[in-house]
2 protein chains.
Amino acid sequence: MLGLLTAGPASGYDLLKVFEISLNHVWPATQSQVYAELNRLAGAGLVKAAAEGPRGRKEYAITETGIAELRHWLTEVEPQRTHRFEALLRVFFLSELEPEQARTYLERQATAAEEDHAGLLELRESVSQGDDPLSLYGNIALEWGLRFTAMQREWADWAAERVASLNGLPAHPTAAAPPGGSPPSGAPPADPQADAPPAGRPA
Amino acid sequence: MLGLLTAGPASGYDLLKVFEISLNHVWPATQSQVYAELNRLAGAGLVKAAAEGPRGRKEYAITETGIAELRHWLTEVEPQRTHRFEALLRVFFLSELEPEQARTYLERQATAAEEDHAGLLELRESVSQGDDPLSLYGNIALEWGLRFTAMQREWADWAAERVASLNGLPAHPTAAAPPGGSPPSGAPPADPQADAPPAGRPA
DNA sequence: CAGGACATGTAAGATGTTACATGATTCC
DNA sequence: GGAATCATGTAACATCTTACATGTCCTG
């Protein structure tokens, strides 16, 4: 929220919109949280009420202290390294399902990733045309999303195929590698052992 | 936890070890949580106490109901799509820093990703040699990690270079491929031109 | 004048983390 | 007998989600 307020004063309602529209896939936040946090930040002197508007609207502006805190966070605090990837967690337990169901799961992941990717491509188009050119850092973040979703899709397709081939399931036309086209973001790793021996369970 | 218990009965202590060692980057859990959750699951009939050991050790086994619940989760429940990527969130606000600091941040991300990647490669070696061959799904999950960390590193290198070139900063030698070591999972692509993101995907 | 967008808040409950607290067994 | 490891739990606190609650302003 401090970061968002560096772009200029805003109300909780404004910030909420930003979270919903542009930050939702990176850092979701709820209405409850935003309003409570604004009051907390104001109490801590990191933001201050800047103006009052029509319907009880309260605009907040970041303070010098707030900017210092933001910079401190950006430069001194180590980012959290562990993440929770529910979709990946499930993969560990796919052996509980029939191979066919497992493949279905992986193919669904591939589809979802593809959809996310398409959405981001669209976002890039809509923004680079319009009067709202994304900043350097906005573009860098967008590029991350593009690469991430591409990677997810390639991986899921690869994995679905592996499951199928190790279980004698009929090949799916959809799982085939994209024809001819140069592969996306920086080339997928060449398939490591596409035919590794099946074996016991993970710990 | 239900998934872990399909491999056989285990105590909270056992499960905790698994979380620390092999699940930590995908789904961290604390000691508190594990023990509390085991009791909760036992209360719900999804696991049952199976045996008592030496120092108050209590082994739990998954029940039929638990297996059904696990399968239900795997097949019917939509995985959560939004994630929190703190390291990426920060990118949105890097404009608050001097370009040089922003580049430092991105380079640190690249290094961290490279280290993670190396750790996974090592894990693959140590496991494929040993007497504990990873299962198909263990390998698929590992491959995800390899691809993810490779993608992160490529992106961060690319981004750091972009920041530098748009700000007339001197080029860094560090942005080049790592010395000697064969690059990440299956060869990272030669970096495409620094100003032409490679993210497009075939539909 | 009705409906939708604007606008803010609180309360209850679930989930997660950190720290505290305790004790048994094994190995050297 | 001391240290490490095994082993389980509780309490306090922080965080996050869902639902509830309320009121204003603008547009058609």
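The values are calculated or read from the model by the stated rules, or taken from the named source; none is laboratory data. Being a predicted model, the structure only gives us computed values, none of them experimental. Every residue, glycine among them, receives a Cβ derived from its backbone with ideal geometry; neighbour counts consider all protein chains shown. All accessible areas refer to the heavy atoms of the entire protein, side chains included, with ligands and DNA or RNA removed. Shrake-Rupley method; radii C 1.70, N 1.55, O 1.52, S 1.80 Å.
Points to keep in mind about this one:
- Between B:51, B:80, B:7, the Cα set farthest toward the positive side of the dipole of segment B:1-128 (charges on each charged residue's Cβ, about the Cα centre) is that of B:51.
- Kirkwood hydrodynamic radius of segment A:1-140, Cα pairs, Å: 18.4
- Surrounding net charge for residue B:68, when Lys and Arg each add one and Asp and Glu each subtract one, Cβ distance under 15 Å: -3
- Two-decimal log10 I(q)/I(0) for segment B:86-175, as the Debye equation yields it once each C-alpha is a single scatterer, q = 0.10, 0.16, 0.20 Å⁻¹: -0.35, -0.68, -0.88
- Efficiency of FRET between residue B:165 and residue B:50 - r from beta-carbon atoms, R0 56 angstrom, step 0.05: 0.35
- Span from the segment A:5-33 Cα centroid across to the segment B:97-137 one, whole angstrom: 32
- Student exercise, segment A:82-126 dipole from Lys, Arg, Asp, Glu Cβ charges, in Debye to nearest 20: 200
- Rounded percent of accessible protein surface that carbon and sulfur make up, segment A:2-76, 1.4 Å probe: 54
- Counted by Cβ distance under 10 Å from residue B:164, the other residues give a net charge of -1, where Lys and Arg count +1 and Asp and Glu count -1.
- Reachable lysines from residue B:58, criterion Cα separation under 18 angstrom, eight or more residues apart if same chain: B:17, B:48
- Hull volume in cubic angstrom per residue (convex hull over the Cα atoms of segment A:2-76): 93
- Sorted shortest first, the separations between the residue A:78 label point and its copies elsewhere in the assembly read 3.7 nm; each point sits 7 Å from Cα along the Cα-to-Cβ line.
- Residue order by solvent-accessible surface for A:64, B:100 is A:64, B:100, largest first, with ligands and nucleic acids left out and a 1.4 Å probe.
- Take the Cβ atoms of residue A:127 and residue B:71, set R0 to 30 Å, and the FRET efficiency comes out at 0.10.
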